[in-house]
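Report on one structure; see the data block that follows.
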Amino acid sequence: DPIELPNIILKEFNIDKDELYFMNRNIEMKHPLMVKNWYDHFKPKSVLDLGCCRGPYLYFWKWFVEDYYGIEISQWAIQHSFVDHIMIGDVSEEEPYDKIIDTENFDLITAIDVLEHLTDEQLNKTLNNMAKYGNKFIFSIPFIGNPDLTNDKTHKQFKTREEWIKKIESHGIIIIDPPADWAFAHQLLIGKI
């Protein structure tokens, strides 16, 4: 796995680890299908995508909403993004939210395959930020039992579905099940304040 190359080799050959991680994360057929499901369900006017990578979901959100933004920590991912509305930042810090948000909270905040990459402290701060700046939420998380959880060496959180629900709800977000006909419904949770 090239992600596991030692830092000394990466530095010697001027290889950006983010490029290795993000370069094959392209727009896929699932992205417009999922965004359409989500739009039809929530009808948001504004969307914030946390840890949005290169913005594949944002690329399709722009068809449905005027206010769509992403926060991403990887400079490489932003430089190679599919949309312009991505700002660099750590989703666990308030600064990027404050720079994006105007006067009202986001109608929908998505955290698609991002929470499992955070430390315990970052996770708590991110969930607090989500509850502070959003009204409705979509979480996509590989739960224990999903092979995607252990296949990615950058994952730091290993929880069952029930443990994730308890964790998210401890931050004031009420969790409900997504519609059964949504793509990847087995790893999605819907939240609301």
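A compact table of results
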{"item": "Close pairs (7 angstrom Cβ cut-off, 6 or more residues apart or separate chains): among the charged types (D, E, K, R) in the range 146-163, open to solvent by 90 Å² or more (accessible area, probe 1.4 Å) anywhere", "result": "LYS153/ASP1; LYS153/GLU4; LYS159/ILE144"}
{"item": "Close pairs from the range 95-112: first within 17 Å of TYR39 (Cβ to Cβ), partner basic (Lys, Arg) and assigned to a loop (DSSP other than H, G, I, E, B), Cβ under 6 Å, at least 6 apart", "result": "ASP107/LYS45"}
{"item": "Residue ID - surrounded by the most Cβ atoms within 10 Å (Cβ to Cβ), chosen from residues in the range 109-126 that are more than 20 Å from ASP152 (Cα to Cα) and over 12 Å from the mean Cα position of the chain (by Cα)", "result": "LYS125"}
{"item": "Residue in the range 165-178 that is modelled with the lowest pLDDT, counting only those that are more than 16 Å from GLY51 (Cβ to Cβ) and either aromatic (Phe, Trp, Tyr) or open to solvent by less than 40 Å² (accessible area, probe 1.4 Å) (or both)", "result": "PRO178"}
{"item": "Residue list for the range 54-76, restricted to those being in a loop (DSSP other than H, G, I, E, B) and among the aromatic types (Phe, Trp, Tyr)", "result": "TRP63, PHE64"}
{"item": "Complete set of residues in the range 140-158 that are over 16 Å from the mean Cα position of the chain (by Cα) and open to solvent by 40 Å² or more (accessible area, probe 1.4 Å)", "result": "ILE144, GLY145, PRO147, THR150, ASN151, LYS153, PHE158"}
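The values are calculated or read from the model by the stated rules, or taken from the named source; none is laboratory data. For clarity, every value in this text was computed on a predicted model and none was experimentally measured. As a convention, Cβ positions derive from the backbone with ideal geometry for all residues, glycine included, and neighbour counts pool all protein chains shown. Keep in mind that these areas ignore ligands, DNA and RNA; they rest on the heavy atoms of the full protein, side chains included. Shrake-Rupley method; radii C 1.70, N 1.55, O 1.52, S 1.80 Å.
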